[in-house]
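Data first, discussion second: the structure below is written as structure tokens.
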Number of protein chains: 2
Amino acid sequence: MNIEGGLKMEFERYFQVWDKLTREKQEEISGAAFARNVKKGTVLHGRGEDCTGLILVESGQLRAFILSDEGREVTIYRLFEMDICLLSAPCMIQSLQFEVTVEAEKDAKIWVIPSGIYKDLMEESAVVANYTNQIMASRFSEVMWLMEQIMWKSFDKRLAGFLLEETSLEGEPCIRITHEKIANHMGTAREVVTRMLRYFQNEGLVKLSRGAIEVTDEEGLEKLCM
Amino acid sequence: MNIEGGLKMEFERYFQVWDKLTREKQEEISGAAFARNVKKGTVLHGRGEDCTGLILVESGQLRAFILSDEGREVTIYRLFEMDICLLSAPCMIQSLQFEVTVEAEKDAKIWVIPSGIYKDLMEESAVVANYTNQIMASRFSEVMWLMEQIMWKSFDKRLAGFLLEETSLEGEPCIRITHEKIANHMGTAREVVTRMLRYFQNEGLVKLSRGAIEVTDEEGLEKLCM
């Protein structure tokens, strides 16, 4: 279904460079984009499918992962409200030569911009091309971070162990401690702790709030420590 | 040193979108770029250095790697003649939030385009922005490939084992076999074999020529199998 009158407003929110497009381009893109409501577990882009298009998340949660020949999965990033998935439109960028699967991890409402439309836009507009660059750089950074974690596994294990120890000490799943304090405790930088805790939160292992960390999946943390 | 008259020709070769720039932009960029001859082992971009600029390789060989806190290195890609390094200019792209070290693996002649100049160019020109996109996508793909190798180590080990077995069978380090045949032998696609063999070649383990593979570092392959 096409975007109805008034719904263009949505795009203004999701598509950060909207205001920098000409009226003509705005009409072209909003005429071609369409909305989908998808159930948890729906595969939105995957092996065999060539080029689904750019996916904008209005609500819900998506997961992008790679798949080994033996069917093992590794999550490379998650997409939340307002996020944009570029890797579901690999045909747009010739040198993008790897495949990810994108699935709805929770019920979601998404917008799809067809690859051809976006590609033309990107080729004509420096603003859109640079915006695309930013999105790609941000995913690239997430993957690099994940790779470093995988290579030098120590920190996630250490942090998981630390959280388990603290909850056990407190006798309850909620730890009242700042990221700064944990960083000092573990001989690392606050940023490193914050990033890893956010990763844990995305994985459903903890829930973060101001000044406190709630362990929501003790078993998951224990598994990580092994 | 600035590019001398006549040397602009070089840029035409290295900078693939040169012809699509205005005369004014061409002059701006060739006025700002400078050449460096660097000895093997020179660190061109690394921790602490903020933004070295875009590096174009005229000759020689560079290596980009990440470094753990404990000083462990992992090569993420190599750069050969005509290649361009984007990750040595991270300040150009706000969302690029990881650090690589770039060093000369062999004596090299490089050109450096200052980040500020390139950034302006990229912001103004859709052609340059899309070109940058292509370079980033290509590095991103290399990293994804490497990550898959690391996660699901089986194939490099299997291929190394296969090559060792074949040389042992032949009684000499040179195997006369097509990539297609190896692929059939190993139940995979020719592209997968070719890519891994190229990776082996970059690592100095084998030397590829038409219809033949020469094992140049038997010990290295054996180590890979372990």
Margin query: Is the C-alpha gyration tensor of region A:122-175 telling us rounded, prolate or oblate? Criteria: a/c under 1.5 is rounded; beyond that, a/b larger than b/c is prolate, otherwise oblate.
Written below: oblate
Next item on the list: List the distances, in nm to one decimal, from the label point of B:GLU123 to the label points of the same position in every other copy, shortest first, placing each label point 7 Å from Cα along the Cα-to-Cβ direction.
Entry: 2.6
Item checked: Cβ-placed point charges (K, R +1; D, E -1), dipole of region A:20-88 about Cα centre in debye, nearest 20 -> 200
Next item on the list: In nm, give the distance between the simple-model label positions of A:ASP120 and B:THR216, each being 7 Å from the Cα along the Cα-to-Cβ direction.
Entry: 4.8
Notebook entry, point to check: Which of the cysteines found in chain B have nothing to pair with, since no other Cys Cβ lies under 4.7 Å from theirs?
Noted result: B:CYS85, B:CYS174, B:CYS225
Notebook entry, point to check: Cα axis of helix A:126-151 to longest principal axis of chain A: angle in degrees, 0 to 90, nearest 10?
Noted result: 30
Notebook entry, point to check: Copy-to-copy spacing for A:ASP19, label 7 Å out on the Cα-to-C-beta vector, in nm, shortest first?
Noted result: 3.9
Item checked: Gaussian network model of chain B, Cα within-10 Å springs - most flexible of B:GLU170, B:GLU203, B:GLU105 -> B:GLU170
Note to self: Which of the three applies to the protein assembly as shown, rounded, prolate or oblate, going by the alpha-carbon gyration tensor with a ≥ b ≥ c and a/c under 1.5 meaning rounded?
What the structure shows: rounded
Check: Based on Cβ point charges of +1 for Lys and Arg and -1 for Asp and Glu, what charge dipole magnitude is obtained for the protein assembly as shown about its Cα centre, in debye rounded to the nearest 20?
Finding: 80
Check: For region A:54-145, what % of the accessible area comes from carbon and sulfur atoms, probe 1.4 Å?
Finding: 44
Next item on the list: Using a Förster distance of 35 angstrom, determine the FRET efficiency expected from the C-beta separation of B:GLU191 and B:LEU67, and round it to 0.05.
Entry: 0.70
Check: Classify region B:33-133: rounded, prolate or oblate, from the alpha-carbon gyration tensor (a ≥ b ≥ c, eigenvalue square roots; a/c under 1.5 rounded; otherwise prolate if a/b is larger than b/c)?
Finding: oblate
Next item on the list: Scan around A:GLY53 for amide H atoms under 5 Å from its own, H built in the peptide plane at 1.01 Å from N, and keep only partners 5 or more places away or cross-chain.
Entry: A:ALA89, A:SER115
Note to self: Charges at C-beta only: +1 for Lys and Arg, -1 for Asp and Glu. How large is the resulting dipole of chain B about its Cα centre, in Debye rounded to 20?
What the structure shows: 300
Next item on the list: Once you've got the GNM for chain A with C-alpha springs shorter than 10 Å, pick whichever of A:ALA126, A:ALA35, A:ALA160 has the biggest mean-square fluctuation.
Entry: A:ALA126
Notebook entry, point to check: Any idea what angle helix A:154-170 forms with the longest principal axis of chain A, computed on alpha-carbon atoms, 0 to 90 degrees, nearest 10?
Noted result: 60
Next item on the list: Check the axis relating chain B to chain A and name the residue of B whose C-beta is nearest, distance in whole Å.
Entry: B:ALA129, 2
Next item on the list: Could you let me know the centre-to-centre spacing of region A:183-220 and region B:60-93, using Cα atoms, in angstrom?
Entry: 30
Item checked: Dipole of chain B [Lys/Arg +1, Asp/Glu -1 at C-beta], most positive-end residue of B:ILE55, B:HIS179, B:ILE76 -> B:HIS179
Notebook entry, point to check: Copy-to-copy spacing for B:LYS109, label 7 Å out on the Cα-to-C-beta vector, in nm, shortest first?
Noted result: 6.1
Check: For the protein assembly as shown, what is the calculated [θ] at 222 nm in deg cm²/dmol (nearest 500), taking -39500 (n - 2.57) for each run of four or more DSSP H residues and dividing by its residue count?
Finding: -13500 deg cm²/dmol
Item checked: Residue with peak Gaussian network fluctuation, chain B [Cα springs, cutoff 10 Å], from B:ARG190, B:ARG13, B:ARG210 -> B:ARG210
Check: Taking the Cα-to-Cβ direction at A:CYS51 and at B:PHE80 and moving 7 Å from each Cα, how far apart do the two end points lie in nm?
Finding: 2.8
Next item on the list: May I ask you to list the residues of region A:74-92 whose amide nitrogen lies under 15 Å from a point 7 Å from Cα along the Cα→beta-carbon direction of A:GLU99?
Entry: A:74, A:88-91
Check: Relative to the first principal axis of the alpha-carbon coordinates of chain A, what is the inclination of helix A:115-124, with its axis defined by its Cα atoms, in degrees from 0 to 90 and to the nearest 10?
Finding: 80
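The values are calculated or read from the model by the stated rules, or taken from the named source; none is laboratory data. What you see is a predicted model; the values in this text were computed from it and never measured. Every residue, glycine among them, receives a Cβ derived from its backbone with ideal geometry; neighbour counts consider all protein chains shown. Areas reflect the complete protein model, heavy atoms only, side chains present, ligands, DNA and RNA absent. Shrake-Rupley method; radii C 1.70, N 1.55, O 1.52, S 1.80 Å.
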